[in-house]
Every structure is written in structure tokens, then in C-alpha cells.
Amino acid sequence: IGSSFPSSVPSGLRVSDPVTLVNLPATILDLVSIPNASVIPGRSLAEHWRPLSHPEKAPIFAELSKVINPPASARASKGPMHAVFVAGMHYIRNDDGREELYDFEHDVTESEDLAGRPETSAVIEEARRALAEALKRR
């Protein structure tokens, strides 16, 4: 985006917070000075580089409904899934109701499922609420 809007986006900027593509249309409208006024979903990512701005850290929602012929080892072979990224964690609820929780900041391969551990119960509850809210909005 920076090369298309050099006066609006700092060159070489990297946003370290997780963001979602749902914010891209709102960002483009913001950069061309067209008021969004809640016409489209999402928030402008420009809040990440504007002075005195405090970007909202809303949970990121993802879903997978159908994959054709996935390998048996792929998560997608288990059926539809819904997920949220919240508090540095990746929470997944599978179609059968099974829950998974991964520390996406420190376990990028998601090799250690933290769901079911007593110390993650508060994060699981926060993720369940965030997922329920995201499912209501879609």
C-alpha cells in the first residue's frame, strides 16, 4: 500500500499486530479520503501509523467450511472449523465441538495444544466469547 499512497503510508512500515483482510477496504477508503461511515465492515489499518492513534486490538475470526480431498493429516480433513486469534493465542473449535488452543506467538507450527490445561481456562473462555460474537456478526 505504501508505494501507492506514499504521502499517507510510511515507507517500509511493518505492523506487528495481527490484522485481517476485512480491514483492507476500509483502509483504502480512508487513504483516498472517502468516509466509510460503517458502510463496509472493518476498520482502517491507518490507525497503526497515525500519530496519537491507539489501534483497537479486536479478535481476528477465521472459518473453514469445506475442503475438497484434503490429506488425512490436514486439520481440514476433520470438517468445518471456526477460529479466533485472541490474547496471543489461536483458538479453534472443530465441527465436532472439540477445542484446540495454540500459542501462535511462540509455537508457530502449532505443535502443542494447550486446550484443557487449567492455566489456559481464562483464555479459552475469552476465545469462546469472541468466537460467539464473531459468528453473530457474519
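The values are calculated or read from the model by the stated rules, or taken from the named source; none is laboratory data. In this text the structure is predicted, and so the values were computed from the model without any measurement. Neighbour counts run over all protein chains shown; Cβ positions are idealised from the backbone, glycine included. Side chains are part of the model used for accessible areas, which takes the heavy atoms of the whole protein and leaves out ligands, DNA and RNA. Shrake-Rupley method; radii C 1.70, N 1.55, O 1.52, S 1.80 Å.
Computed on segment 65-138, with alpha-carbon pairs under 8 angstrom and 6+ residues apart, the relative contact order is 22 percent.
A probe of 1.4 angstrom, applied to the heavy atoms of all protein chains, finds residue 109 with accessible area near 110 square angstrom. Please give me the summed charge of the neighbours of residue 94: other residues whose Cβ is under 9 Å from its Cβ, Lys and Arg +1, Asp and Glu -1. Its environment carries a net charge of 0. The distance between label points at residue 8 and residue 40 comes to 1.1 nm (points 7 Å beyond Cα on the Cα→Cβ vector). Using a simple spin-label model with pseudo-atoms 7 Å out from Cα toward Cβ, residue 68 and residue 110 lie 2.3 nm apart.
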